[in-house]
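**Q** Input: one structure, supplied below.
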Amino acid sequence: MAAAPETKTVHSPALTYFSMLSLLSLCPPFVILLWYTMVHADGSVVQTWNYLKQHGLQGFIDIWPRPTAIAWKIIFVYGAFEAALQLLLPGKRVEGPISPTGNRPVYKANGMAAYFVTLVTYISLWWFEIFNPTVVYDHLGEIYSALIFGSLIFCVFLYIKGHVAPSSTDSGSSGNLIIDFYWGMELYPRIGKNFDIKVFTNCRFGMMSWAVLAVTYCIKQYELNGKVSDSMLVNTTLMLVYVTKFFWWEAGYWNTMDIAHDRAGFYICWGCLVWVPSVYTSPGMYLVNHPVNLGMQLALSILVAGILCIYINYDCDRQRQEFRRTNGKCKIWGKAPSKIEATYTTTSGETKTSLLLTSGWWGLARHFHYVPEILAAFFWTVPALFNHFLPYFYVVFLTILLFDRAKRDDDRCRSKYGKYWKLYCNKVPYKIIPGIY
């Protein structure tokens, strides 16, 4: 039997099970309620609540769109196009981090090329009147509904594959069906030798859809009003800058918790296939029907602040990536980096060494890079102003997600590095916010 997944229950078992079952049961209907409220209830949670209070469960069933042929067609064409780009576009060979069982995954870094081809193709189809992106917006509820059910089926496929045909020794069962389905069976599932499933779900479907939908919302507002509001321009620009940063740094993302530690299950894959296209894009979805005139000064201020936050977030990741690439032989803020040399043992019994960076951005807090990421999300949401709370749901969700991720990452590193992690925490005492937390 392959190695069982590393322990995920960093909270109490009761809270862990409650959280898993709650997310499995509540996330799908929430996506539909979010879409309905943004598009059909003026962005008002109160309006949706009053509708549900009046009509009950049947009212909720009535507003849940049925997946249609056009929704499935849009999803299939988009998914097939992105899968083809992932396989066929040239890219540099990149090695991921060594896995718990000693494996080192190999990737083809062609994300930036795929991103460029995707956006140019999508905008060209609109410009030359071959396909109107407003069709995507007009069928958004049906698309989300299809994604909800299709992605659940896909997660069942991942569960079965993990049992009968794992791609590497970084796989195995915890012995609990719910945990295996939620957290996943395989760390690096692949179809064939070259098609990495998590790169597809997380990067080429999920993150790419964020950019595609940001452009879609912008075009929809233009076709509705004959112009694009400055609030929508700021929102779309910041989202596209963030996603561009992501694909520019995609090879670095393959070293993060999402890819290198979290297995391919409902949590990661359903989240990237459904939650990212719906929740992450929701501020733009709101702005389609709620254009706000910010004025030049306020719009530029928000734009500059947002770009600065995205740059700092990028520079944090770049700093750590350069530190790892040079094995600590680099300059951090003009000086030799401060570091801790930590040894650990893999599940196969091999002793390995890692360098822990304790200067630069990483000397401020152990997860300081989450601060500019949360602030960037605030800045691309704030053009909606404060008439409704719902556009800010993503900011709230992201804050909870990243604070929980910081805890999980700290617990994993404490288990992995032992006394070296304690030394690291003494040197970098703050978890996320310097001087506060």
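The values are calculated or read from the model by the stated rules, or taken from the named source; none is laboratory data. Small disclaimer: the values here were computed from a predicted structure and weren't measured. Reconstructed Cβ throughout: ideal geometry from the backbone, glycine too, with neighbour counts over all protein chains shown. Just so you know, the surface numbers come from the protein's heavy atoms only, side chains and all, with ligands and any DNA or RNA stripped out. Shrake-Rupley method; radii C 1.70, N 1.55, O 1.52, S 1.80 Å.
**Q** Hey, what do the phi angles of the stretch 392-397 turn into as Karplus ³J(HN,Hα) couplings, whole Hz, using 6.51/-1.76/1.60 and θ = phi - 60°, x for Gly and Pro?
**A** 3J(HN,Hα) across the stretch 392-397, in whole Hz: 8, 4, 4, 4, 5, 4.
**Q** Now for a separate question. Solvent-accessible area of Asp315, probe 1.4 Å, all protein chains present, reported in Å² to the nearest ten, please.
**A** In the full protein context, Asp315 sits at about 10 Å².
**Q** Something else about it: Sorted from largest to smallest, which semi-axis lengths in Å does the alpha carbon gyration tensor of the stretch 377-437 give for its equivalent ellipsoid, taking the root of 5 times each eigenvalue?
**A** Numbers: eigenvalues 223, 31, 9 Å².
Output for the stretch 377-437: semi-axes of 33, 12, 7 Å.
**Q** For the pairs Lys352/Lys422; Lys108/Lys245; Lys108/Lys329; Lys108/Lys220; Lys245/Lys427; Lys108/Lys352, note any where the Cα-Cα span goes beyond 23 Å. Intermediate results must be reported in sequence, preceding the final value.
**A** On the way: Lys352/Lys422 18 Å; Lys108/Lys245 18 Å; Lys108/Lys329 26 Å; Lys108/Lys220 34 Å; Lys245/Lys427 30 Å; Lys108/Lys352 25 Å.
In this structure, Lys108/Lys329; Lys108/Lys220; Lys245/Lys427; Lys108/Lys352 lie more than 23 Å apart at Cα.
**Q** Oh, and also: With contacts defined as alpha carbon pairs under 8 Å and 6 or more residues apart, what's the relative contact order of the stretch 258-365 in percent? Could you put the intermediate results ahead of the total?
**A** Working: 62 pairs, mean separation 17.1, N = 108.
For the stretch 258-365, the relative contact order is 16 percent.
**Q** Taking 0.36 nm per intervening residue step and subtracting the Cα-Cα distance, what contour gain separates Phe76 from Ile436 on full extension?
**A** Values: separation 360, 0.36 × 360 = 129.60 nm, distance 4.67 nm.
Additional length available on full extension: 124.9 nm.
**Q** When the solvent-accessible surface of protein heavy atoms is calculated with a 1.4 angstrom probe, in what order do Phe154, Phe386, Phe266 fall, highest first? Walk me through the numbers on the way to the answer.
**A** Values: Phe154 55, Phe386 145, Phe266 5 Å².
So, going from the largest accessible area down, we get Phe386, Phe154, Phe266.
**Q** Then there is this: Calculate I(q)/I(0) for the stretch 12-145 by the Debye formula, one identical point scatterer on each C-alpha and no solvent, and give its log10 at q = 0.10, 0.15, 0.19, 0.21 Å⁻¹ to two decimals.
**A** -0.59, -0.99, -1.10, -1.16
**Q** What do you reckon, how do His261, His163, His367 stack up by accessible area (1.4 Å probe), largest on top?
**A** Values: His261 30, His163 90, His367 5 Å².
Ranked from most to least accessible, the order is His163, His261, His367.
**Q** Let me ask something else. Which value results when the Cα radius of gyration for the chain is divided by 2.2 N^0.38 Å? Walk me through the numbers on the way to the answer.
**A** Details: Rg = 22.0 Å, N = 437, 2.2 N^0.38 = 22.2 Å.
This ratio for the chain stands at 0.99.
**Q** Compute the acute angle (0 to 90°) between the alpha-carbon long axis of helix 111-127 and the principal axis of greatest extent of the alpha-carbon atoms of the chain; round to the nearest 10°.
**A** Approximately 10 degrees, to the nearest 10.
**Q** Quantify, in whole percent, the carbon and sulfur part of the accessible surface of the stretch 329-412 (1.4 Å probe; protein heavy atoms only).
**A** Working: 2260 of 3710 Å².
Of all accessible area on the stretch 329-412, carbon and sulfur atoms account for 61 percent.
**Q** Kindly sort Ser151, Ser168 by accessible area of their heavy atoms, largest first, with the probe set to 1.4 Å.
**A** On the way: Ser151 5, Ser168 35 Å².
Result of the area sort, largest leading: Ser168, Ser151.
**Q** Can you divide the C-alpha Rg of the stretch 180-321 by 2.2 N^0.38 Å and report the result to two decimal places? Please list the in-between numbers first.
**A** Details: Rg = 17.2 Å, N = 142, 2.2 N^0.38 = 14.5 Å.
Taking the Cα Rg and dividing by 2.2 N^0.38 Å, one obtains 1.19.
**Q** Percent of alpha carbon pairs in the stretch 68-178 separated by more than 19 Å?
**A** Values: 3971 of 6105 pairs.
The answer is 65 percent, as a whole percent.
**Q** In square angstrom, rounded to the nearest 10, how much accessible surface does Arg190 have for a 1.4 Å probe?
**A** Counting only protein heavy atoms, the figure is 40 Å².
**Q** Follow-up question, since we're still on this one. At a probe size of 1.4 Å, how large is the accessible area of Val304, to the nearest 10 Å²?
**A** Here the accessible area works out near 100 Å².
**Q** What nm distance separates the two modelled labels at Val156 and Phe386, each placed 7 Å from Cα along Cα→Cβ?
**A** Taking the simple label geometry, Val156 and Phe386 are separated by 4.7 nm.
**Q** Here is a follow-up. Relative contact order of the chain: what whole-number percent is it, with Cα pairs under 8 angstrom and at least 6 residues apart? Spell out each step's value before the answer.
**A** On the way: 606 pairs, mean separation 75.6, N = 437.
Here the relative contact order equals 17 percent.
**Q** What does the C-alpha gyration tensor say about the overall shape of the stretch 284-430? Classify as rounded when a/c is under 1.5, otherwise prolate if a/b is larger than b/c, or oblate. Can you show the working numbers first?
**A** Values: a/c = 3.34, a/b = 2.03, b/c = 1.64.
Because a/c hits 1.5 or more and a/b exceeds b/c, the stretch 284-430 counts as prolate.
**Q** Per residue of the stretch 316-324, in order, report the coupling 6.51 cos²θ - 1.76 cosθ + 1.60 (Karplus, θ = phi - 60°) as ³J(HN,Hα) in whole Hz, putting x for Gly and Pro.
**A** With the stated coefficients, the stretch 316-324 comes to 4, 5, 5, 4, 5, 5, 5, 4, 5 Hz.
**Q** Using the Karplus curve 6.51 cos²θ - 1.76 cosθ + 1.60 with θ = phi - 60°, what ³J(HN,Hα) values do you get for each residue of the stretch 85-92, in whole Hz, with x for Gly and Pro?
**A** 5, 4, 7, 9, 5, x, x, 6
**Q** Another question, then. Given the Cα-Cα distance of Leu177 and Glu129 and 0.36 nm per residue of separation, how much length would full extension add, in nm?
**A** Details: separation 48, 0.36 × 48 = 17.28 nm, distance 4.84 nm.
Once the chain is fully extended between Leu177 and Glu129, it gains 12.4 nm.
**Q** Using every pair of alpha-carbon atoms in the stretch 259-346, split the distances into 10 Å bins beginning at 0 and state the percent of pairs per bin, rounded to integers.
**A** 12, 22, 29, 24, 11, 2
**Q** Mind listing the long-range amide H neighbours of Lys339? Cut-off is under 5 Å, sequence gap 5 or more, other chains count too, H placed in the peptide plane at 1.01 Å from N.
**A** HN-HN under 5 Å from Lys339: Thr358.
**Q** Go ahead and set up a Gaussian network model of the chain, Cα springs under 10 Å, then flag whichever of Phe18, Phe205, Phe323 fluctuates most.
**A** Fluctuation is largest for Phe18.
**Q** Say R0 is 22 Å: what FRET efficiency, to the nearest 0.05, do Phe195 and His163 get from their beta-carbon distance?
**A** For Phe195 and His163, the calculated efficiency is 0.65.
**Q** Between Val396 and Ala84, how many nm apart are label points set 7 Å from Cα along the C-beta direction?
**A** Here the modelled spin labels are 4.2 nm apart.
**Q** For a protection proxy built on the mean count of beta-carbon atoms within 10 angstrom, sort 133-139, 92-98, 242-248 highest first, please. All intermediate terms of the calculation are to be shown ahead of the outcome.
**A** Values: 133-139: 18.3, 92-98: 13.0, 242-248: 20.0.
Most protected by this proxy first, the peptides run 242-248, 133-139, 92-98.
**Q** Before rounding to the nearest 500, sum -39500 (n - 2.57) across all DSSP H runs of length at least 4 in the chain and divide by the residue total; then give [θ] at 222 nm in deg cm²/dmol. Walk me through the intermediate numbers first.
**A** Values: 17 runs with 253 residues, N = 437.
Rounded to the nearest 500, the figure is -19000 deg cm²/dmol.
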